[in-house]
Amino acid sequence: MALRSFAKRVGESLLVHSGITAAARTTMRDRALILAYHNIVPDEAPCEGDLPNHLTLSAFEAQLEAVRQTHDVVPLQDLIDGDPRTGRARVAITFDDAYRGAVLLGLPAVAARGLSATIFVAPDLLGGQTFWWDALAATGGGLSPALRLEALERLAGDGNTIRQWARARGVGDVAPSCAFRRSATTEELRTAAALPGISLGSHTWSHPVLTRVSHERLVAELHLSRQWLRQQDAVTVDAIAYPYGGVDERVMAEARRAGYRAGFKVDGGWMRGAVASGFDAPRLNVVPRLSDAGFRIRLAGLLSH
């Protein structure tokens, strides 16, 4: 496995230095890419929680530098509005969940570079809480695929239900020792939202799988979070990022009825120009295992995941 990983990284590096990625970028000038992050943690933070969600600060800062070298970073609202294209391919930066690390480390890193970002918030999970997927992850090993499947498919991604189910089966529920792996407080979020270029969006009220909940709960999740957004003294976007990427025709129809202007998945890669599809817009989920070269390859449009 280590040899395969090494060979993959060597291949990615050769591809970047061959000039193929530079040539590929010229074909993407009329397109846009929305990057989806979750959390940013200090480089020295212990290895814990659901590992694919937590990117180190140094890796994130390197990605910001890579993006602005070759792309125009624009507010997410520009892609929703369909503002005129710039001379280069456009990138919007987003975060899901309002982790404390994203709020206290990620957003300031964005703002310090004069860039913009949108953070999608589930208000009911604010306040220094531990997300269930981090609490139930094996120490240093991440969340098991079997547990993730059970939690999302049968238990609808509902944190309280999942934790009750886990306790009944003796699955450990451990709060991460690193405070950056918990949710931000409302005050921390408000402070970060006041930074130039930062906006807030909806991630529902309490983060269930919307395709698995009742009609009544679906409507409540969409309306409560949008109402909360409208009460904030911050720049907001009338858009929703679907928790876990769960979306279908029913969810899209209700999001439209609730007054949102756009809805975002957590996969799918590039799109042409603005958010043309409205409520089924793709993003590129950025995970920690990506090498610098692998990230640049995706920025060139050669891979979509």
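Read the figures in this text as sums done on the coordinates, not as results from a lab. The structure presented is a predicted model; accordingly, all values stated were derived computationally and were not measured. FYI the Cβ positions are ideal-geometry reconstructions off the backbone, even for glycines, and counts take in every protein chain you see.
With contacts taken as Cα pairs under 8 Å at a separation of at least 6 residues, the chain carries a relative contact order of 25 percent.
With Cα atoms defining each centre, the stretch 203-217 and the stretch 100-165 are spaced 16 Å apart in the structure. Here r is the Cβ-Cβ distance between Ala234 and Glu153 and R0 is 41 Å; the resulting FRET efficiency, rounded to 0.05, is 0.75.
Distance distribution note for the stretch 200-297: the fraction of Cα pairs above 21 angstrom is 36%.
Can you bin the stretch 166-242 into rounded, prolate or oblate? Criterion: square roots of the alpha carbon gyration tensor eigenvalues sorted a ≥ b ≥ c, rounded for a/c under 1.5, prolate for a/b above b/c, oblate for the rest. Note, shape of the stretch 166-242 comes out oblate.
Quick one: Debye curve from the alpha-carbon atoms of the stretch 2-299 only, equal weights, vacuum; give me log10 I(q)/I(0) at q = 0.09, 0.10, 0.11, 0.14 Å⁻¹ to two decimals. Log-scaled intensity ratios, in q order: -0.43, -0.53, -0.65, -1.07.
Segment Asp292..Arg68, full-extension length gain: 79.2 nm, with 0.36 nm per residue of separation and the alpha-carbon distance subtracted.
In this label model, Asp81 and Ser144 are separated by 5.0 nm, measuring between points 7 Å along each Cα→Cβ vector.
Among Asp43, Asp267, Asp292, the residue with the largest mean-square fluctuation in a Gaussian network model of the chain, with springs joining Cα atoms closer than 10 Å, is Asp43.
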